[in-house]
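To keep things clear, I will list the structure first and then write my remarks on it.
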Amino acid sequence: MRLKCIRLSGFKSFVDPTTVSFPGNMTAVVGPNGCGKSNIIDAVRWVLGESSAKNLRGEAMTDVIFNGSTSRKPVSRASIELVFDNTEGRIPGEYASYAEISVRRQVTREGQSTYYLNGTKCRRRDITDLFLGTGLGPRSYAIIEQGMISRLVEARPDDLRIFIEEAAGISKYKERRRETENRMRRTQDNLARLSDLREELGRQLERLQRQAQAAERYQQLREHGQRFETQLTAMRWRALDEQALQLQQLLDERETALQAQISLQYQADAQTEQLRDQHHDRTESFNRVQARFYLVGAEIARSEQAIQHARQRLQQLQDDLRDAERQREETESQLAGDRDQLEQLECEEQMLLEELAQAGERHELAQAGLLQADDAWQQWQEQWQAASLDGQRPREELQRVRLQLQQLGNSGQQLQQRIQRLDSEQDSLQADMADAGLQVMAEEQALLQEQVLTLQLQQEEQQERLHALQQQEQQLQQQLNERRSRLHQLQGQSSALRALQEQTLQQDDDLLSWLQGQDLRPAGRVLDGLQVEPGWELAVETVLAGDLQALCVDSWPEHCNGLQEGNLRLVREGARLTPVAGSLLEKVRASSLDLSPWLGQVRPVASLAEALQQLPQLAAGHSLVTADGCWLSQSFFRLQRGEHQQQGLLQRARLLEQLTAEQELLEQELEQQEQHLQRCSEERGRLQQESRQLREREQQDGAELARLQSRLAAGQARSEQLQQRLAQARDELQELREQQQQEQERQAELQLQQEQAEEAVRLAEAGSEQLQQRQAGLRQQHEQARQLAGQQQQRWQELQLQHGKLVTRRQATMQALERLQQQIERAMQRQEQLALGLADGESPVELLQAKLEEQLQQRLQVDDELRGERLALEELDDRLRQMDRQRHEASQQAEQIRADADQLRLNWHTLKVQRDALDEQLREAGDSVQDVLLGLPADAGIDDWQRQLEQLGSQIQRLGAINLAAIEEYRQQSERKTFLDAQNDDLEEALATLENVIRKIDRETRQRFKDTFEQINSGLQTLFPKVFGGGLAWLELTGDDLLDTGVAIMARPPGKKNSTIHLLSGGEKALTALALVFAIFQLNPAPFCMLDEVDAPLDDANVGRYARLVKEMSEQVQFIYITHNKIAMEMAEQMLGVTMQEPGCSRLVSVNLEEAVALAEQ
């Protein structure tokens, strides 16, 4: 894993988008002071998660955004992107498979900071977790900025420990331990809250159980009532169904009479149909004769056209014969040319085959030589690899043994120092045994307990108000359902009456078309707009009778032609008659037509008896009518009766108005009740919200109470932990003495292994020298054989390609010869056919001329037959018009019977609507009429079931207020109690698991820190003399507990015996810090290392040592360093120059030193 490039935009002095690439492992960044070199390192730290503006040389995080210059305006945001090459898969986890990883951070002027990982928005923690254990981070040992070298060696022991932890890769373990401790605290808090919740739930369940039992009794009574109500509805449906059957029987009788009359009409239709069949046969006969006439005429035209076509064909045959002769001659000439070309191609192919055979032999000989050279080179490579492996293992073993010996040499002093620190720790632990703050926490706990109790009482009051509101809402819902059922019934009745009224008043389209043909425009019916005093509808309808449906016109039609069927009634304004006093006309409130001719001479009377008394004094032309429809005069008596008197058009209209008014009233009541129900629902929602808020406050106070209890428990447990730590310190002292004895024995074994490894290294180096001497000769032989084989193979392939082209051309020429021969044969055959056709084409012309004369004579005969058929067809048309008049008379008689059937059908339809309403009511309740009727007892009756319903209602009233929600609430709370019990067990188990995890993390952290500390200490002791040319340096622990002990560094350059590192010079401190950093890199190399002018305090000799050490480590680690020193610049593979030609804006200039040197040598 290595840093591929950095993309900067708007960051500090890099205002323009800039890409800093790092192709090599040693890149030097150079430039004058203040040009922005260190901003590159600040950019890397900022992207890796640095959150302190102070560490980025600013006061606020927005200071990293370019703030403008003398010629540039400030920008609104800064963006930095790091691109990593991860082909080795060093990044762990889900990103291990990515060959390239991009990490980007941007910040705006508003202070909003955003991170992106591979283009996807993420958290700062995701970036930190990505690099855990790799040595990278905002403050890791991989990024050494200005002044950090001196701070590193002078750092506090706790700060220096951070570098050791990062190298050991235990930062992720510390993060896991911190998360585990947080989970433990949350788990303990949850356990305390669960305990309180379980106690409160127990009290609630006792109260809810009583309410649920009463609610269950209420539901049982309601279910019985619903069952009785359902059965009562089914019995009412059955009664209506029986009445509907009786009406259906009467309707069937009317239908039978109607069918009898219709059969008479059908007989007339049958006779009409017979005449139409005869008319159709005669028409077909006429059409056949006419078709024959047209056919003869067409045949005459075809004969004339055939004569002309035969003459044209003779001329065409002569032209085609001349064209065929010319085409044959051209094809024969082309055939001769293709034969000559074929002979030339066969000669060329024979010569090319001979040359191809010779090239194939030369190619095989060259390939054999190449195989021999490959075998020799492969054999040498296998021997070289075997020798390299044999020599690598002894060298690695020797290096490992030497490193272990160095580590064991320093371990004795460290063990003695740790024993002294453990003694000091025992004294410190005894001083920390006092408790503090426990009394204050106990008082806070009592106060919170009182608050929780108050909230519980308020919550119970809210629940009681909520239950009363729910009961009121249920009663409103029941009333609403009853009114909706009544509204559905009214809508059904209105629909039935309206459908019958519309059917009765439906206009005949034929009559309207006929009237329009007479230039008559009806202004409506007499019934339209007619208003009659209530109770006198039947009397007015009896007098007006069929004229109620009459159409109002301005004039009478001029003739009746074209009206074949239908009942036409027309009325118009005439001379106004003076009505008698108290006439029936006074009962009519409004009308668009003057009805005095109909109603002005008719007087209404109260009863038939009164009418008979007034009859002798009645004037001529006057009449009397009663409200129930009895109409009489000196010369007639009329009475209209049916099973139901309210069957007339006017009565239906009045009934429709009443139903509509009642329906509108019900809709208004429904709307008011729905609004009331909505207010109740809103009030219930508000109470539920307040109840939830009380529960949340109770839970919050309960959680706070649990935290206080946890803190009390933690304070009490602190002293116990200190006692355990004392015992642990004594055990560690014993372990350290045993470890010292084991290390002395291990040192003797390692010295013997070192001597054996040195002897094996010397033998392996001798074998490698012999193999290198053979390498040059074998490489030259192999290259010569490869070039010769390539040349011969290329020539052989060219000859094969030429031969393939010749074969293709020869085959194409042969195919062309065959096609030309076939064309010649076809041309000769066509000449023969054209000659025969020319000979046979002269005789048909004379035959066609004779046939034309016969066809002209036949057309005269067919013309006589056509005139006879036309006369017979006109006679049948007269008979059909006479039969249509007879059928129209039968249709009028059937119409009268149909009107009676319509009256019965209205009654039946009304019953059906009522029955369907009951059926719909049952279906909405999820029941079937037949199923309910089958389950009825034999003695079930409507009156008995009504009494049962009233008794059940009384029992429900005695139960009082019922909380129907208590059943579901009791079930939910019971389930919640079971869930909380299970959750309590899970939390206790999880707490034990987390404690075990922390113990395991502590053990692994101690071991890793111990191993890493010893290895870094050993590396420091090796690198320090190399950097200083002698001297001694080491690391030491400041405490005995490996989990939190600090780390101190001690260094003594050659010839010095200083007691503290602070006595060293600046250059000595810098070299000591570099030795420590490089020792860490040897153990756990980070992907890259960034050094910012760390060579500034060094002289030229020390800079040379520093540069050589960096060069040596660059084989494993990518180095990016800022320097002003020429010696350090010379060691770089690539130089990046940072300039500031434009004041305040940084620019990059890149130079690859290897390419520059190669160019200079040329």
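The values are calculated or read from the model by the stated rules, or taken from the named source; none is laboratory data. Just so it is clear, the model here is predicted, and its values are computed rather than measured. Heads up, the Cβs are rebuilt from the backbone with ideal geometry, glycines too, and the neighbour counts pull from every protein chain shown.
Against the definition (closer than 18 Å to Pro1025 by Cα and in contact (Cβ under 8 Å) with a residue 12 or more places away in the chain), how does Ile1080 come out, yes or no? Yes; evaluated as a whole, the condition is true for this residue.
When the test is whether a residue is β-branched (Val, Ile, Thr), over 30 Å from Gln855 (Cα atoms) and surrounded by 15 or more Cβ atoms within 10 Å (Cβ to Cβ), Thr256 does not pass it. Based on what the data block shows, is Ser97 touching a residue at least 12 places away in the same chain (Cβ under 8 Å) and small (Gly, Ala, Ser)? In short, no.
Candidates in region 682-694 are the residues that are surrounded by fewer than 16 Cβ atoms within 10 Å (Cβ to Cβ) and touching a helix residue (DSSP H, G or I) at 6+ places or on another chain (Cβ under 9 Å); of these, the one that is modelled with the lowest pLDDT is Gln688. The set of residues in region 1140-1162 being under 51 Å from the mean Cα position of the chain (by Cα) and modelled with pLDDT of 85 or more consists of Gly1144, Cys1145, Ser1146, Arg1147, Leu1148. Filtered by the rule that a residue be surrounded by 15 or more Cβ atoms within 10 Å (Cβ to Cβ) and either modelled with pLDDT under 85 or of a type in the set (A, V, I, L, M, F, W, C) (or both), region 64-85 gives Val64, Ile65, Phe66, Val75, Ala78, Ile80, Leu82, Val83, Phe84. Number of residues in region 942-986 that are under 13 Å from Leu197 (Cα atoms) and surrounded by 12 or more Cβ atoms within 10 Å (Cβ to Cβ) equals 8.
Annotation: of all residues in region 202-214 being buried (at least 18 other Cβ atoms within 10 Å of the Cβ) and under 44 Å from the mean Cα position of the chain (by Cα), the one that is farthest from Leu964 (Cα to Cα) is Gln204.
Within region 1-32, restricting attention to residues that are among the small types (Gly, Ala, Ser) and assigned to a strand (DSSP E or B), the residue that is surrounded by the fewest Cβ atoms within 10 Å (Cβ to Cβ) is Ser21. In region 945-967, the residues that are over 30 Å from Glu460 (Cβ atoms) reach residues that are of a type in the set (A, V, I, L, M) and assigned to a helix (DSSP H, G or I) with C-beta atoms within less than 8 angstrom, at least six apart or across chains, in these pairs: Trp945/Leu232; Trp945/Met235; Gln946/Leu232; Leu949/Leu232; Leu952/Leu221.
Among the listed residues Arg923, Arg905, identify the single one that is at pLDDT 80 or above and not acidic (Asp, Glu). Among Arg923, Arg905, only Arg923 is at pLDDT 80 or above and not acidic (Asp, Glu).
Tell me, yes or no, whether region 120-133 has at least one residue that is more than 39 Å from the chain's Cα centre (by Cα) and buried (at least 19 other Cβ atoms within 10 Å of the Cβ).
no
If you scan region 1026-1037, which residues turn out to be aliphatic (A, V, I, L, M) and either in a loop (DSSP other than H, G, I, E, B) or surrounded by fewer than 19 Cβ atoms within 10 Å (Cβ to Cβ) (or both)?
Passing the criteria: only Leu1032.
Looking across Ala890, Ala850, one residue alone is small (Gly, Ala, Ser), modelled with pLDDT of 75 or more and assigned to a helix (DSSP H, G or I). It is Ala850. On the phi > 0 side of the Ramachandran plot, in contact with a helix residue (DSSP H, G or I) (Cβ under 9 Å, 6 or more places away or on another chain), surrounded by 11 or more Cβ atoms within 10 Å (Cβ to Cβ) and in the same structural domain as Gln1116 (by TED's automatic domain parsing) - does that describe any residue in region 95-110? No, the conditions are met nowhere in region 95-110.
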